[in-house]
Amino acid sequence: MVEEVEREFPDMRRLISGQWLVLLLLPASVSAQTSAEALARLQAVGREGAGNEAAAHAWKAIVRQGPAVLPLILQAMNDADAIAANWLRTAGDAIVERTLAAGKPLPAEALEQFIRQRQHSGAARRLAYEWLCRIDAKAPDRLLPGMLQDPSPELRRDAVAAALRQARGRLDQGHKEAARAAYRRALAGACDKDQVDLIVKALEQLGDKVDVAAHFGFVRQWLIVAPFDNHNDAGFNSAYPPEKGVDPKAVYKGKDGKEIRWVAVTTDDPYGVVNLNKELGKQKGVVAYAYAAIESPKEQPIQVRAGSMNGIKIFLNGQELYHRDEYHHGMEVDQHIASATLKAGRNELLVKVCQNEQTEDWAQEWKFQVRLCDAVGAAVPFTQRLVQTNNLPKRGKEAKP
Amino acid sequence: MTRLLLSALLLLTVHSARAGDWPQFRGPGGTGIADAKGLPVQWSVTENVRWCAELPGRGVSSPVVAGGRAYVTAASTYRERRLHVLCFDAVSGEKMWERQLAATGPTLCHPKTSMAAPTPVTDGRHVYALFATGDLAAFTRDGDLLWYRALQRDYPDITNQVGMAASPVLAGDTLLLPLENAGDSFALGVDVKTGRNRWKTPRRRDINWVTPFVTRFRGKTAALFQTAGDITAYDTDTGEILWSYKGNHLGSIPSPTFVEDLVIVPGTPSVALRVGADGNPQVAWKSHKLKAAYASPVVYQGRIYALTDIGVACLDAATGQEIWRERLGTGFSASPVIADGKLYVAKEGGATSVIQLGDKPKILANNDLKETLLATPAIANDAIYLRTEKHLYCIAAKK
């Protein structure tokens, strides 16, 4: 078995230093070499199932090691892509399930230590939390109150859910001020739309207003130009002039040779939705571009998260970040996600929103929304500066998201 | 040596899909017909429930049963980003194992469906579970991970935002995957032992939910893939086209089926095709009495049973002529299934009608589980397995 491993994966460069550290701390019953090599095999699975057979052998070898290898599995998830992470997750789940079925203990202390160390992968920490909760019913009460700003989206969601239960309890007891404070605490951590909606509704019933668009980091001020041609959906891959550089004062030749200009649009929708049918008039077989100048106080990694039921492309500072050529199959907050970096100062965000030529009643919507947030989904700091156009000149007015 | 052979034979018997099993969407061969007798006619949340298991998440996939194990998939957490494969002892309901995957593809879908929409398929020794996210995993019957694919990572445009729902099916040692979408669209033949591609062939670029039907043509095993615009038979070993029929308004959700020498293609109208000696399909009949909606038709003893908007219609398979139709109300997502001369029709509200088949139908019972019921029932051995929104029920007569 080990010879086979070495032949197929002779070097161990994929193992990060942290994994070696955990290996050194493993109990004598655990074969460090087998574990390390097996984990490396899981991390080596490639496209179209390449490496699956070796990974299946490795999976069994890891599971045979039993619960002592759980910290190593979690550590390996730090360095794993989504595919390897699922191989590791199922191995860990199998170990936990079989260990508990045999009436044997899990390494509770090591699991809790791993959960508390925020530098680890959020998915791995949540997995450790799930395992710990199976043997320790008090773990949520002990851990979740400190996780409202956790970098793991799942753990933060758990923490917000716990805070919501607490707020609801205060409200049920008639303690309105305590409830308001608890809902505000929950809101500070909430990034998922369903939880934010619940909190906002509760706060509004208590007389508080929430700027939902600001909470999520929706971009509200845009310049829009349309229509460019999208007959037969061909416009999606046609790079019209705005993709080569935005000049807010430019006059373009649009669909059917019509002269078109940028116009300023500000949305007051709480979820930042820009309804292009409303702003530009209902059109089919067309492309619109939306441009926003984003001022960032610092260089910062971000996610650009968009929603649209139209074909969409997203560009930041001239680089295409994302595309999806799909029409009228639904729109959700955070439907499309792209990772990027905002540079300090001015950044140029460009969104291409394509409308096709379907005639069904359900295929008429033409709208989009975009927000800027971190990897957890919390809004990042930025401001918007209105840009002067030929149509609606405005100058110098700043708006926070 | 003899004992060893006997043990090996016993192992084969236990582990292989066999008579009485329900190994895939719509059961043995995708026919919707179970080889079962002694099933209960009446049940409720308390009556004739052999066991009931709470599920960790939503799903519209059907359970599958083979080798004494019942498998089901589910999706949970915010926006169904967590995917579950569960295995139960088919008789006792004891949970044997559960494995979870983090979704690697997008999870937006129509609220009626779920990331756990495709029904898994089993050969009795392994279970192959596909999710609408493109996550595809093969487990042994004991829960060991045999292989795993994140198809959306391999082919970024295969998912759609209504929700993929067509189920994988087995043809020998090839797993057939219908991955038909507006962005990227193809059929995939995957080696069941390794999860690697055997073949990949392009399909019509349109969103589609039809589970393929496996049959034989001229000594070759063929898989029938259907979209709104075509039904095409592929050699399951190579992915080569054996024949193809282009049509208009064929169904994009219900599966085709096969009777005698006719392929029944659900659509508006539905079409019966006869594949001639020259390999070309010819239209035997067309019928507007059999309209395609969600449910797939089932063919039993020369008759086609199909759901209409308000009930069930019975047609002569040879001619397409309607024999009878019966009102059952509205709201069908699940496909009807047949066992022991009775038709089982599950309704979205949670009731399952049991209808005695014959020249005139007779409604024997309407059994309400009072919970959303979108999944096609599975019938294995002496039990009916019903997957509601939150539970897996094993319905069986008391012994």
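The values are calculated or read from the model by the stated rules, or taken from the named source; none is laboratory data. None of the values given here were measured: they were computed from a predicted structure. All Cβ positions, even for glycine, are placed from backbone atoms using ideal geometry, and neighbour counts span all protein chains on display.
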Does the stretch A:240-258 include one or more residues that are at pLDDT 95 or above, of a type in the set (Asp, Glu), out of contact with any Gly (no Cβ under 6 Å at 6 or more places or on another chain) and farther than 22 Å from A:LEU316 by Cα?
no
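Every residue, every condition in (1) touching a residue at least 24 places away in the same chain (Cβ under 8 Å); (2) touching an Asp or Glu at 6+ places or on another chain (Cβ under 7 Å), yes or no:
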{"residue": "B:THR319", "(1), (2)": "yes, no"}
{"residue": "B:THR330", "(1), (2)": "no, yes"}
{"residue": "B:TYR344", "(1), (2)": "yes, no"}
{"residue": "B:SER353", "(1), (2)": "yes, no"}
{"residue": "B:PRO361", "(1), (2)": "yes, yes"}
{"residue": "B:ALA365", "(1), (2)": "yes, no"}
{"residue": "B:ASN381", "(1), (2)": "yes, no"}
{"residue": "B:ARG387", "(1), (2)": "yes, no"}
{"residue": "B:LEU392", "(1), (2)": "yes, no"}
Picking from B:ALA317, B:ALA339, B:ALA295, which residue would you name as being within 30 Å of B:HIS110 (Cα to Cα), under 22 Å from the mean Cα position of the chain (by Cα) and among the small types (Gly, Ala, Ser)?
B:ALA295
Matching strands (runs of 3 or more DSSP E) fully within the stretch A:226-291 where at least 3 residues are surrounded by 15 or more Cβ atoms within 10 Å (Cβ to Cβ) and either aliphatic (A, V, I, L, M) or free of Cβ contacts under 8 Å to residues at least 12 places away in the same chain (or both):
A:263-266
For the stretch A:34-136, please list each of the helices (runs of 4 or more DSSP H) lying entirely inside it that holds at least 3 residues being more than 10 Å from every other protein chain (Cβ to nearest Cβ) and over 30 Å from B:GLU94 (Cα atoms).
A:70-77, A:108-116
A careful count of residues in the stretch B:173-192 that are without any contact (Cβ under 8 Å) to a residue 40 or more places away in the chain, outside any strand (DSSP E or B) and farther than 18 Å from B:GLY30 by Cα gives 5
Looking only at the stretch A:299-326, which residues are without any contact (Cβ under 8 Å) to a residue 60 or more places away in the chain and in a loop (DSSP other than H, G, I, E, B)?
A:GLU299, A:MET309, A:ASN310, A:ASN317, A:GLU326
Among the residues in the stretch A:334-345, are any touching a helix residue (DSSP H, G or I) at 6+ places or on another chain (Cβ under 9 Å) and either modelled with pLDDT of 95 or more or over 17 Å from A:VAL286 (Cβ atoms) (or both)?
yes
B:ILE158, sole failed condition from (1) more than 14 Å from every other protein chain (Cβ to nearest Cβ); (2) under 23 Å from B:TYR234 (Cα atoms)
(1)
Could you tell me which of the residues A:GLN335, A:GLN364 is farther than 20 Å from B:ARG205 by Cβ, buried (at least 16 other Cβ atoms within 10 Å of the Cβ) and in contact (Cβ under 8 Å) with a residue 24 or more places away in the chain?
A:GLN335
Picking from A:ALA161, A:ALA167, which residue would you name as being over 30 Å from B:PHE139 (Cα atoms), surrounded by fewer than 23 Cβ atoms within 10 Å (Cβ to Cβ), at pLDDT 95 or above and of a type in the set (Gly, Ala, Ser)?
A:ALA161
Among (1) closer than 30 Å to A:ARG168 by Cα; (2) touching a strand residue (DSSP E or B) at 6+ places or on another chain (Cβ under 7 Å), A:ASP197 falls short only on (2)
Here are some residues: A:ALA123, A:ALA84, A:ALA137. Which one is at pLDDT 95 or above, over 22 Å from the mean Cα position of the chain (by Cα) and small (Gly, Ala, Ser)?
A:ALA137
Restricting attention to the stretch B:111-155, which residues are facing chain A (nearest Cβ under 7 Å) and either assigned to a loop (DSSP other than H, G, I, E, B) or touching a residue at least 60 places away in the same chain (Cβ under 8 Å) (or both)?
B:GLY143, B:ASP144
So, first residue under 24 Å from A:LEU100 (Cβ atoms) in the stretch A:48-65, second residue of a type in the set (S, T, N, Q), Cβ within less than 6 Å, six or more apart or across chains; the pairs are A:ALA61/A:THR34; A:GLN65/A:SER35
Give the residue that is nearest to the chain's Cα centre (by Cα), with candidates limited to residues of the stretch B:217-228 that are within 14 Å of B:ILE253 (Cβ to Cβ) and part of a loop (DSSP other than H, G, I, E, B).
B:THR227
In the stretch B:36-52, what residues are surrounded by fewer than 16 Cβ atoms within 10 Å (Cβ to Cβ) and not basic (Lys, Arg)?
B:GLY38, B:VAL41, B:GLN42, B:SER44, B:VAL45, B:THR46, B:GLU47
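Every residue, every condition in (1) surrounded by fewer than 19 Cβ atoms within 10 Å (Cβ to Cβ); (2) of a type in the set (S, T, N, Q); (3) assigned to a loop (DSSP other than H, G, I, E, B), yes or no:
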position: B:GLY329; (1), (2), (3): yes, no, yes
position: B:SER335; (1), (2), (3): no, yes, yes
position: B:VAL354; (1), (2), (3): no, no, no
position: B:GLU371; (1), (2), (3): yes, no, yes
position: B:ALA375; (1), (2), (3): no, no, yes
position: B:ILE379; (1), (2), (3): no, no, no
Which pairs have Cβ atoms under 8 Å, sit 6 or more apart or on different chains, and link a residue in the stretch A:187-212 that is under 12 Å from A:LEU164 (Cα atoms) and away from chain B (no Cβ under 14 Å) to one that is among the small types (Gly, Ala, Ser) and assigned to a loop (DSSP other than H, G, I, E, B)?
A:ILE199/A:ALA190
So in the stretch A:299-331, with the set limited to residues that are over 13 Å from the mean Cα position of the chain (by Cα) and under 19 Å from A:ASP192 (Cβ atoms), which one is nearest to the other protein chains (Cβ to nearest Cβ)?
A:GLY330
Please work out which one of (1) within 13 Å of chain B (Cβ to nearest Cβ); (2) over 30 Å from A:TRP362 (Cβ atoms) is the condition A:SER339 fails and give its number.
(1)
From B:VAL214, B:VAL210, residue being closer than 21 Å to B:TYR245 by Cα, within 18 Å of the chain's Cα centre (by Cα) and either outside any strand (DSSP E or B) or within 14 Å of chain A (Cβ to nearest Cβ) (or both):
B:VAL210
Hits in the stretch A:81-111 - residues which are of a type in the set (A, V, I, L, M) and within 23 Å of A:ARG47 (Cα to Cα):
A:ALA82, A:ILE83, A:ALA84, A:ALA85, A:LEU88, A:ALA91
Pull up the stretch B:258-298, narrow it to residues that are in a strand (DSSP E or B) and among the hydroxyl-bearing types (Ser, Thr, Tyr), then point me to the one that is surrounded by the fewest Cβ atoms within 10 Å (Cβ to Cβ).
B:SER287
